[in-house]
Amino acid sequence: MKAIVDKKKCTVCGVCSDACPMGAITVGETHVDISDDCTLCGICVDTCEFGALSLPQVGTGPEEDLGLYSGVWVWAEWRDGSVHRVSHELLSAGRMLADKRSAPLCAVLLGSGLKENLSRELITFGADVVYVVDRPELARFTDEAYANVLVELIRTRKPEILLAGATSTGRSFIPRVAASLRTGLTADCTELDISEDGHLLQTRPAFGGNVMATIICPNRRPQMATVRPRVMKPLVIAGHEGRIENVSVPDECLKSRVEVLEVIPEQDQTARLTEAEVIISGGRGLRKAENFALLQELAGLVGGAVGASRGAVEEGWICPSHQVGQTGRTVAPSLYMAVGIAGAIQHVVGMQGSKFIVAVNKDPQAPIFDVAGCGVVADLFEFLPAFIRKIRQERGETS
Ligand SMILES: Cc1cc2nc3c(=O)[nH]c(=O)nc-3n(C[C@H](O)[C@H](O)[C@H](O)COP(=O)(O)OP(=O)(O)OC[C@H]3O[C@@H](n4cnc5c(N)ncnc54)[C@H](O)[C@@H]3O)c2cc1C
(Lines give C-alpha, C1' and ligand atoms only; values in the text may rest on other atoms or scores of the structure.)
Protein backbone atom coordinates (compact mmCIF):
# COMPACT_ATOMS: atom_id res chain seq x y z
CA MET A 1 0.00 0.00 0.00
CA LYS A 2 1.14 3.54 -0.68
CA ALA A 3 -0.13 7.11 -0.69
CA ILE A 4 -2.70 7.92 -3.37
CA VAL A 5 -2.34 10.85 -5.82
CA ASP A 6 -5.42 12.59 -7.15
CA LYS A 7 -4.15 13.53 -10.62
CA LYS A 8 -6.91 16.11 -11.09
CA LYS A 9 -5.76 18.10 -8.07
CA CYS A 10 -1.98 17.56 -8.41
CA THR A 11 -0.11 20.58 -9.83
CA VAL A 12 3.21 18.67 -10.01
CA CYS A 13 4.78 21.37 -7.80
CA GLY A 14 7.21 18.85 -6.23
CA VAL A 15 6.78 19.97 -2.60
CA CYS A 16 5.74 16.44 -1.59
CA SER A 17 8.83 14.96 -3.23
CA ASP A 18 11.11 17.27 -1.22
CA ALA A 19 9.27 16.45 1.99
CA CYS A 20 9.21 12.65 1.62
CA PRO A 21 11.79 11.19 4.05
CA MET A 22 11.82 7.90 2.15
CA GLY A 23 12.59 9.43 -1.27
CA ALA A 24 9.52 7.56 -2.52
CA ILE A 25 8.06 10.37 -4.66
CA THR A 26 9.43 11.22 -8.11
CA VAL A 27 8.16 14.20 -10.05
CA GLY A 28 7.61 13.74 -13.77
CA GLU A 29 6.57 16.24 -16.47
CA THR A 30 2.85 15.72 -15.95
CA HIS A 31 2.43 13.67 -12.78
CA VAL A 32 4.10 12.39 -9.62
CA ASP A 33 4.93 8.73 -9.01
CA ILE A 34 4.94 7.05 -5.62
CA SER A 35 7.16 4.00 -5.30
CA ASP A 36 6.88 0.97 -3.04
CA ASP A 37 9.30 2.68 -0.63
CA CYS A 38 6.29 4.66 0.69
CA THR A 39 5.75 3.86 4.38
CA LEU A 40 2.37 5.64 4.60
CA CYS A 41 3.89 8.13 7.07
CA GLY A 42 1.53 10.86 5.76
CA ILE A 43 4.09 13.69 5.61
CA CYS A 44 3.33 14.25 1.92
CA VAL A 45 -0.40 14.48 2.70
CA ASP A 46 0.26 17.22 5.27
CA THR A 47 2.53 19.20 2.94
CA CYS A 48 0.29 19.15 -0.14
CA GLU A 49 -1.64 22.43 -0.12
CA PHE A 50 -3.87 21.23 -3.00
CA GLY A 51 -5.23 18.21 -1.15
CA ALA A 52 -4.00 15.97 -3.94
CA LEU A 53 -2.55 13.30 -1.70
CA SER A 54 -4.30 10.91 0.64
CA LEU A 55 -3.60 7.67 2.45
CA PRO A 56 -5.54 4.48 1.71
CA GLN A 57 -8.11 3.66 4.34
CA VAL A 58 -6.68 0.95 6.55
CA GLY A 59 -9.86 -0.37 8.08
CA THR A 60 -10.25 -1.69 11.59
CA GLY A 61 -12.14 -4.67 10.17
CA PRO A 62 -15.76 -5.43 10.88
CA GLU A 63 -17.14 -3.99 14.12
CA GLU A 64 -16.84 -6.39 17.00
CA ASP A 65 -18.71 -6.71 20.27
CA LEU A 66 -15.69 -6.43 22.57
CA GLY A 67 -17.85 -7.30 25.57
CA LEU A 68 -18.00 -10.92 24.35
CA TYR A 69 -14.32 -11.35 25.18
CA SER A 70 -13.11 -12.20 28.65
CA GLY A 71 -10.14 -13.81 30.38
CA VAL A 72 -6.39 -13.69 30.07
CA TRP A 73 -4.60 -16.46 28.17
CA VAL A 74 -0.98 -17.49 28.13
CA TRP A 75 0.33 -19.75 25.39
CA ALA A 76 2.39 -22.19 27.45
CA GLU A 77 5.59 -23.17 25.70
CA TRP A 78 7.42 -26.31 26.70
CA ARG A 79 10.54 -28.13 25.56
CA ASP A 80 12.06 -31.50 26.38
CA GLY A 81 9.30 -32.26 28.87
CA SER A 82 9.59 -28.99 30.86
CA VAL A 83 7.62 -25.78 30.81
CA HIS A 84 9.72 -22.95 29.34
CA ARG A 85 10.73 -20.33 31.89
CA VAL A 86 9.03 -17.58 29.87
CA SER A 87 5.65 -19.26 30.38
CA HIS A 88 6.14 -19.11 34.17
CA GLU A 89 6.99 -15.43 33.83
CA LEU A 90 3.98 -14.73 31.63
CA LEU A 91 1.65 -16.51 34.05
CA SER A 92 2.75 -14.16 36.83
CA ALA A 93 2.12 -11.13 34.58
CA GLY A 94 -1.14 -12.72 33.42
CA ARG A 95 -2.22 -13.35 37.03
CA MET A 96 -1.88 -9.66 37.82
CA LEU A 97 -3.89 -8.70 34.70
CA ALA A 98 -6.58 -11.31 35.33
CA ASP A 99 -6.97 -10.21 38.96
CA LYS A 100 -7.38 -6.59 37.88
CA ARG A 101 -10.08 -7.68 35.39
CA SER A 102 -11.65 -10.15 37.86
CA ALA A 103 -11.32 -12.71 35.07
CA PRO A 104 -9.80 -16.19 34.86
CA LEU A 105 -6.20 -16.82 33.85
CA CYS A 106 -5.91 -19.68 31.36
CA ALA A 107 -2.90 -21.46 29.91
CA VAL A 108 -2.97 -23.18 26.52
CA LEU A 109 -0.81 -26.26 26.12
CA LEU A 110 -0.33 -27.75 22.65
CA GLY A 111 1.60 -30.91 21.86
CA SER A 112 1.52 -34.68 21.80
CA GLY A 113 1.81 -37.13 24.69
CA LEU A 114 1.61 -34.24 27.16
CA LYS A 115 2.17 -35.31 30.76
CA GLU A 116 -0.28 -34.09 33.39
CA ASN A 117 2.57 -32.68 35.47
CA LEU A 118 3.06 -29.94 32.84
CA SER A 119 -0.51 -28.75 33.36
CA ARG A 120 -0.17 -29.03 37.14
CA GLU A 121 2.98 -26.90 36.97
CA LEU A 122 1.08 -24.20 35.05
CA ILE A 123 -1.57 -24.19 37.76
CA THR A 124 1.12 -23.77 40.43
CA PHE A 125 2.29 -20.70 38.57
CA GLY A 126 -1.18 -19.17 38.63
CA ALA A 127 -3.36 -20.67 35.87
CA ASP A 128 -7.02 -21.20 36.80
CA VAL A 129 -7.67 -23.34 33.72
CA VAL A 130 -5.28 -25.23 31.44
CA TYR A 131 -6.64 -25.98 27.95
CA VAL A 132 -4.80 -28.99 26.56
CA VAL A 133 -4.81 -29.97 22.89
CA ASP A 134 -2.97 -33.28 22.70
CA ARG A 135 -2.64 -34.59 19.15
CA PRO A 136 0.13 -36.54 17.38
CA GLU A 137 0.15 -33.86 14.64
CA LEU A 138 1.36 -31.35 17.25
CA ALA A 139 4.35 -33.45 18.36
CA ARG A 140 6.70 -31.18 16.45
CA PHE A 141 6.13 -27.49 16.10
CA THR A 142 4.93 -26.18 12.76
CA ASP A 143 3.68 -22.63 12.31
CA GLU A 144 0.60 -23.62 10.42
CA ALA A 145 -0.82 -26.28 12.74
CA TYR A 146 0.02 -24.41 15.96
CA ALA A 147 -1.44 -21.17 14.61
CA ASN A 148 -4.61 -22.88 13.32
CA VAL A 149 -5.25 -24.62 16.62
CA LEU A 150 -4.70 -21.47 18.68
CA VAL A 151 -6.92 -19.44 16.33
CA GLU A 152 -9.65 -22.08 16.62
CA LEU A 153 -9.50 -21.98 20.44
CA ILE A 154 -9.55 -18.19 20.49
CA ARG A 155 -12.50 -18.01 18.07
CA THR A 156 -14.56 -20.40 20.14
CA ARG A 157 -13.63 -19.19 23.64
CA LYS A 158 -12.90 -15.49 23.06
CA PRO A 159 -10.18 -14.44 25.51
CA GLU A 160 -9.68 -10.73 26.03
CA ILE A 161 -5.89 -10.96 26.17
CA LEU A 162 -3.32 -13.42 24.82
CA LEU A 163 0.30 -13.40 25.97
CA ALA A 164 3.13 -15.44 24.45
CA GLY A 165 6.89 -15.68 24.83
CA ALA A 166 9.03 -13.83 22.29
CA THR A 167 11.05 -17.02 21.79
CA SER A 168 11.96 -18.24 18.33
CA THR A 169 8.78 -20.37 18.33
CA GLY A 170 6.54 -17.59 19.64
CA ARG A 171 7.98 -15.08 17.21
CA SER A 172 7.41 -17.53 14.40
CA PHE A 173 3.71 -18.33 14.75
CA ILE A 174 2.08 -15.71 17.01
CA PRO A 175 2.07 -13.01 14.27
CA ARG A 176 0.20 -15.51 12.06
CA VAL A 177 -2.39 -15.95 14.83
CA ALA A 178 -2.82 -12.17 15.14
CA ALA A 179 -3.13 -11.74 11.38
CA SER A 180 -5.72 -14.54 11.11
CA LEU A 181 -7.79 -12.88 13.83
CA ARG A 182 -7.25 -9.40 12.32
CA THR A 183 -6.11 -8.09 15.65
CA GLY A 184 -3.04 -6.19 16.83
CA LEU A 185 0.15 -7.66 18.28
CA THR A 186 2.82 -5.81 20.23
CA ALA A 187 6.13 -7.66 20.16
CA ASP A 188 8.84 -7.65 22.83
CA CYS A 189 6.92 -5.83 25.56
CA THR A 190 8.93 -4.96 28.64
CA GLU A 191 5.95 -4.03 30.82
CA LEU A 192 2.26 -4.92 30.84
CA ASP A 193 -0.63 -3.37 32.69
CA ILE A 194 -4.33 -2.83 32.16
CA SER A 195 -6.43 0.32 32.26
CA GLU A 196 -9.73 0.50 34.09
CA ASP A 197 -11.62 0.21 30.82
CA GLY A 198 -9.78 -2.97 29.87
CA HIS A 199 -7.10 -1.68 27.49
CA LEU A 200 -3.95 -3.77 27.74
CA LEU A 201 -1.12 -1.25 28.21
CA GLN A 202 1.75 -2.76 26.26
CA THR A 203 5.02 -0.94 26.87
CA ARG A 204 8.09 -1.53 24.72
CA PRO A 205 11.13 0.40 23.46
CA ALA A 206 10.47 2.37 20.26
CA PHE A 207 12.43 4.60 17.89
CA GLY A 208 15.68 2.69 18.38
CA GLY A 209 15.15 2.39 22.13
CA ASN A 210 15.14 6.14 22.68
CA VAL A 211 11.57 6.20 24.02
CA MET A 212 9.34 3.74 25.78
CA ALA A 213 6.00 3.57 23.95
CA THR A 214 2.78 2.30 25.52
CA ILE A 215 0.61 0.73 22.85
CA ILE A 216 -3.08 -0.18 23.03
CA CYS A 217 -5.35 -2.17 20.75
CA PRO A 218 -8.70 -0.43 21.22
CA ASN A 219 -10.86 -1.94 18.46
CA ARG A 220 -10.01 -5.61 18.19
CA ARG A 221 -9.78 -8.63 20.47
CA PRO A 222 -7.88 -10.42 21.77
CA GLN A 223 -5.22 -7.92 22.69
CA MET A 224 -1.99 -9.76 21.92
CA ALA A 225 1.53 -9.21 23.23
CA THR A 226 4.81 -11.11 23.27
CA VAL A 227 7.40 -10.74 26.00
CA ARG A 228 10.99 -11.93 25.91
CA PRO A 229 12.27 -14.47 28.44
CA ARG A 230 13.67 -13.01 31.68
CA VAL A 231 11.85 -9.69 31.39
CA MET A 232 9.16 -10.56 33.97
CA LYS A 233 9.61 -12.37 37.28
CA PRO A 234 7.97 -15.79 37.78
CA LEU A 235 5.84 -16.29 40.87
CA VAL A 236 4.78 -19.59 42.41
CA ILE A 237 1.36 -19.36 44.06
CA ALA A 238 1.45 -21.98 46.82
CA GLY A 239 -1.74 -24.02 47.02
CA HIS A 240 -3.28 -22.45 43.91
CA GLU A 241 -5.95 -24.65 42.41
CA GLY A 242 -7.13 -24.94 38.85
CA ARG A 243 -8.65 -27.37 36.39
CA ILE A 244 -7.36 -29.10 33.29
CA GLU A 245 -9.63 -29.25 30.24
CA ASN A 246 -8.84 -31.45 27.26
CA VAL A 247 -10.04 -29.75 24.12
CA SER A 248 -10.65 -31.33 20.72
CA VAL A 249 -10.17 -29.38 17.52
CA PRO A 250 -11.31 -30.10 13.94
CA ASP A 251 -8.86 -32.23 11.94
CA GLU A 252 -8.37 -29.54 9.30
CA CYS A 253 -6.68 -27.33 11.93
CA LEU A 254 -3.87 -29.83 12.23
CA LYS A 255 -2.83 -29.84 8.59
CA SER A 256 0.54 -28.35 7.76
CA ARG A 257 2.31 -27.93 4.45
CA VAL A 258 5.62 -28.22 6.32
CA GLU A 259 7.05 -31.53 7.41
CA VAL A 260 9.76 -31.48 10.09
CA LEU A 261 12.34 -34.04 9.01
CA GLU A 262 14.89 -33.66 11.78
CA VAL A 263 15.57 -31.47 14.81
CA ILE A 264 19.24 -30.59 15.26
CA PRO A 265 20.07 -29.26 18.76
CA GLU A 266 22.04 -26.01 18.94
CA GLN A 267 25.75 -26.84 19.10
CA ASP A 268 27.09 -23.57 20.44
CA GLN A 269 26.50 -23.95 24.16
CA THR A 270 28.18 -20.63 24.91
CA ALA A 271 25.36 -18.91 23.04
CA ARG A 272 22.84 -20.12 25.63
CA LEU A 273 22.97 -16.71 27.16
CA THR A 274 19.44 -16.46 28.45
CA GLU A 275 19.98 -19.38 30.83
CA ALA A 276 23.40 -18.31 32.18
CA GLU A 277 23.70 -17.15 35.80
CA VAL A 278 26.94 -15.27 35.08
CA ILE A 279 27.60 -13.34 31.87
CA ILE A 280 30.85 -11.64 30.95
CA SER A 281 30.14 -9.32 28.02
CA GLY A 282 32.58 -7.45 25.84
CA GLY A 283 32.22 -4.38 23.64
CA ARG A 284 34.15 -2.37 21.14
CA GLY A 285 36.64 -1.55 23.89
CA LEU A 286 38.12 -5.03 23.31
CA ARG A 287 39.67 -3.76 20.06
CA LYS A 288 39.86 -7.14 18.25
CA ALA A 289 38.37 -10.64 18.11
CA GLU A 290 41.39 -12.33 19.72
CA ASN A 291 40.87 -10.29 22.89
CA PHE A 292 37.57 -12.06 23.52
CA ALA A 293 39.81 -14.93 24.71
CA LEU A 294 40.27 -12.90 27.92
CA LEU A 295 36.50 -12.88 28.47
CA GLN A 296 36.27 -16.57 27.63
CA GLU A 297 38.98 -17.33 30.18
CA LEU A 298 37.19 -15.36 32.87
CA ALA A 299 33.80 -16.86 31.96
CA GLY A 300 35.33 -20.34 32.11
CA LEU A 301 36.70 -19.63 35.59
CA VAL A 302 33.33 -18.50 36.98
CA GLY A 303 31.15 -20.93 34.99
CA GLY A 304 29.61 -18.14 32.94
CA ALA A 305 28.75 -17.38 29.32
CA VAL A 306 30.22 -14.74 27.05
CA GLY A 307 27.99 -11.92 25.81
CA ALA A 308 28.67 -8.96 23.57
CA SER A 309 27.48 -5.52 22.59
CA ARG A 310 26.24 -4.89 19.08
CA GLY A 311 29.37 -2.81 18.62
CA ALA A 312 31.53 -5.92 19.02
CA VAL A 313 29.19 -8.03 16.88
CA GLU A 314 29.23 -5.44 14.09
CA GLU A 315 33.02 -5.47 14.14
CA GLY A 316 32.78 -9.20 13.42
CA TRP A 317 34.62 -10.16 16.61
CA ILE A 318 31.91 -12.50 17.88
CA CYS A 319 28.81 -14.06 16.34
CA PRO A 320 25.39 -12.38 16.68
CA SER A 321 23.95 -15.13 18.92
CA HIS A 322 26.04 -13.58 21.74
CA GLN A 323 24.56 -10.11 21.36
CA VAL A 324 22.76 -8.66 24.37
CA GLY A 325 20.26 -5.85 23.94
CA GLN A 326 17.26 -4.61 22.10
CA THR A 327 18.10 -6.49 18.90
CA GLY A 328 19.92 -9.29 20.70
CA ARG A 329 19.02 -11.38 23.74
CA THR A 330 17.43 -10.14 26.93
CA VAL A 331 19.29 -11.55 29.91
CA ALA A 332 18.88 -11.37 33.67
CA PRO A 333 21.75 -13.32 35.25
CA SER A 334 22.84 -13.04 38.88
CA LEU A 335 26.01 -11.30 37.71
CA TYR A 336 26.49 -9.30 34.49
CA MET A 337 29.94 -7.92 33.81
CA ALA A 338 30.16 -5.33 31.01
CA VAL A 339 33.72 -4.92 29.80
CA GLY A 340 34.56 -2.12 27.36
CA ILE A 341 30.87 -1.46 26.71
CA ALA A 342 29.66 2.15 26.66
CA GLY A 343 26.14 1.39 27.92
CA ALA A 344 23.92 2.64 25.09
CA ILE A 345 20.21 2.38 25.92
CA GLN A 346 19.78 -0.39 23.33
CA HIS A 347 22.33 -2.48 25.23
CA VAL A 348 21.01 -1.59 28.67
CA VAL A 349 17.40 -2.65 27.91
CA GLY A 350 18.72 -6.16 27.35
CA MET A 351 20.60 -6.54 30.64
CA GLN A 352 19.15 -4.13 33.19
CA GLY A 353 17.18 -6.96 34.83
CA SER A 354 20.48 -8.56 36.00
CA LYS A 355 20.73 -8.91 39.77
CA PHE A 356 24.18 -7.34 39.98
CA ILE A 357 26.00 -5.40 37.27
CA VAL A 358 29.74 -4.76 37.20
CA ALA A 359 31.11 -2.35 34.59
CA VAL A 360 34.72 -2.01 33.49
CA ASN A 361 35.39 1.06 31.38
CA LYS A 362 38.27 3.48 31.10
CA ASP A 363 35.89 6.43 30.64
CA PRO A 364 34.45 7.50 34.03
CA GLN A 365 31.58 9.25 32.19
CA ALA A 366 30.47 6.09 30.34
CA PRO A 367 26.68 5.66 30.76
CA ILE A 368 27.14 2.00 31.72
CA PHE A 369 28.14 3.24 35.18
CA ASP A 370 24.59 4.60 35.66
CA VAL A 371 23.22 1.06 35.81
CA ALA A 372 26.21 -0.66 37.43
CA GLY A 373 26.22 -1.71 41.09
CA CYS A 374 30.01 -1.75 40.94
CA GLY A 375 32.06 0.35 38.54
CA VAL A 376 35.72 -0.18 37.73
CA VAL A 377 37.32 2.79 35.97
CA ALA A 378 40.33 1.12 34.38
CA ASP A 379 41.95 0.01 31.17
CA LEU A 380 40.44 -3.42 30.62
CA PHE A 381 43.76 -4.78 29.33
CA GLU A 382 45.32 -4.04 32.72
CA PHE A 383 42.31 -4.94 34.83
CA LEU A 384 41.20 -8.25 33.29
CA PRO A 385 44.55 -10.12 33.41
CA ALA A 386 45.08 -8.92 37.01
CA PHE A 387 41.53 -9.96 37.96
CA ILE A 388 41.96 -13.41 36.38
CA ARG A 389 45.33 -13.82 38.13
CA LYS A 390 43.75 -12.90 41.45
CA ILE A 391 40.93 -15.47 41.05
CA ARG A 392 43.45 -18.17 40.19
CA GLN A 393 45.62 -17.22 43.18
CA GLU A 394 42.62 -17.31 45.53
CA ARG A 395 41.85 -20.81 44.26
CA GLY A 396 45.45 -21.89 44.66
CA GLU A 397 45.84 -22.38 40.90
CA THR A 398 48.95 -21.34 39.03
CA SER A 399 48.13 -19.21 35.98
C1 LIG B 1 17.75 0.11 16.53
C2 LIG B 1 19.03 -0.16 17.26
C3 LIG B 1 19.15 -1.35 17.94
C4 LIG B 1 20.34 -1.63 18.65
N5 LIG B 1 20.43 -2.80 19.33
C6 LIG B 1 21.52 -3.02 20.10
C7 LIG B 1 21.63 -4.21 20.89
O8 LIG B 1 20.79 -5.11 20.87
N9 LIG B 1 22.74 -4.36 21.65
C10 LIG B 1 23.75 -3.43 21.71
O11 LIG B 1 24.73 -3.63 22.44
N12 LIG B 1 23.67 -2.31 20.96
C13 LIG B 1 22.61 -2.10 20.13
N14 LIG B 1 22.56 -0.99 19.35
C15 LIG B 1 23.80 -0.17 19.21
C16 LIG B 1 24.03 0.76 20.37
O17 LIG B 1 23.37 1.99 20.12
C18 LIG B 1 25.55 1.05 20.50
O19 LIG B 1 26.02 1.55 19.28
C20 LIG B 1 26.37 -0.17 20.87
O21 LIG B 1 25.84 -0.81 22.02
C22 LIG B 1 27.82 0.28 21.15
O23 LIG B 1 28.62 -0.81 21.45
P24 LIG B 1 29.86 -0.62 22.44
O25 LIG B 1 29.40 -0.04 23.73
O26 LIG B 1 30.57 -1.91 22.49
O27 LIG B 1 30.79 0.39 21.61
P28 LIG B 1 31.19 1.87 21.86
O29 LIG B 1 30.02 2.76 21.91
O30 LIG B 1 32.24 2.17 20.84
O31 LIG B 1 31.85 1.87 23.31
C32 LIG B 1 33.08 1.25 23.62
C33 LIG B 1 33.38 1.53 25.09
O34 LIG B 1 34.57 0.89 25.44
C35 LIG B 1 35.33 1.76 26.29
N36 LIG B 1 36.74 1.40 26.12
C37 LIG B 1 37.53 1.57 25.03
N38 LIG B 1 38.74 1.08 25.26
C39 LIG B 1 38.76 0.61 26.52
C40 LIG B 1 39.75 0.00 27.34
N41 LIG B 1 40.97 -0.26 26.87
N42 LIG B 1 39.41 -0.33 28.59
C43 LIG B 1 38.19 -0.09 29.10
N44 LIG B 1 37.20 0.50 28.37
C45 LIG B 1 37.48 0.83 27.10
C46 LIG B 1 35.01 3.15 25.79
O47 LIG B 1 35.24 4.11 26.83
C48 LIG B 1 33.54 3.02 25.42
O49 LIG B 1 32.71 3.38 26.50
C50 LIG B 1 21.41 -0.69 18.64
C51 LIG B 1 21.26 0.51 17.97
C52 LIG B 1 20.10 0.77 17.28
C53 LIG B 1 19.95 2.08 16.56
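The values are calculated or read from the model by the stated rules, or taken from the named source; none is laboratory data. Everything quoted here is computed from the prediction, not taken from an experiment. Cβ placement follows ideal geometry from the backbone for every residue including glycine, while neighbour counts extend to all protein chains displayed.
For the reader, a short list of remarks on this structure follows.
- Subset of the stretch 109-125 [crowded, with 20+ Cβ neighbours inside 10 Å and touching a Pro at 6+ places or on another chain (Cβ under 9 Å)]: PHE125
- Filter result for GLY283 (surrounded by 10 or more Cβ atoms within 10 Å (Cβ to Cβ), within 16 Å of the ligand (Cβ to nearest atom), at pLDDT 95 or above and of a type outside the set (Ser, Thr, Tyr)): yes
- Criterion: charged (D, E, K, R), in contact with a helix residue (DSSP H, G or I) (Cβ under 7 Å, 6 or more places away or on another chain) and either within 27 Å of LYS115 (Cβ to Cβ) or surrounded by fewer than 17 Cβ atoms within 10 Å (Cβ to Cβ) (or both) - qualifying residue of LYS233, LYS288: LYS233
- Where a residue in the stretch 343-361 is over 19 Å from LEU295 (Cα atoms) and among the β-branched types (Val, Ile, Thr) and its partner, wherever it lies, is part of a strand (DSSP E or B) and within 9 Å of the ligand (Cβ to nearest atom), with Cβ under 7 Å and at least six apart: VAL349/PRO205
- Failed criterion for GLY304 (all others in (1) farther than 20 Å from THR167 by Cβ; (2) within 25 Å of the chain's Cα centre (by Cα); (3) crowded, with 22+ Cβ neighbours inside 10 Å; (4) modelled with pLDDT of 95 or more hold): (4)
- The stretch 208-237 residues that are free of Cβ contacts under 8 Å to residues at least 40 places away in the same chain, paired with ones that are more than 16 Å from the ligand (Cβ to nearest atom) (beta carbon under 6 Å, 6 or more apart): MET212/THR203; THR214/LEU201; THR214/THR203; ILE215/THR186; ILE215/GLN202; ILE216/HIS199; CYS217/GLY184; CYS217/GLN223
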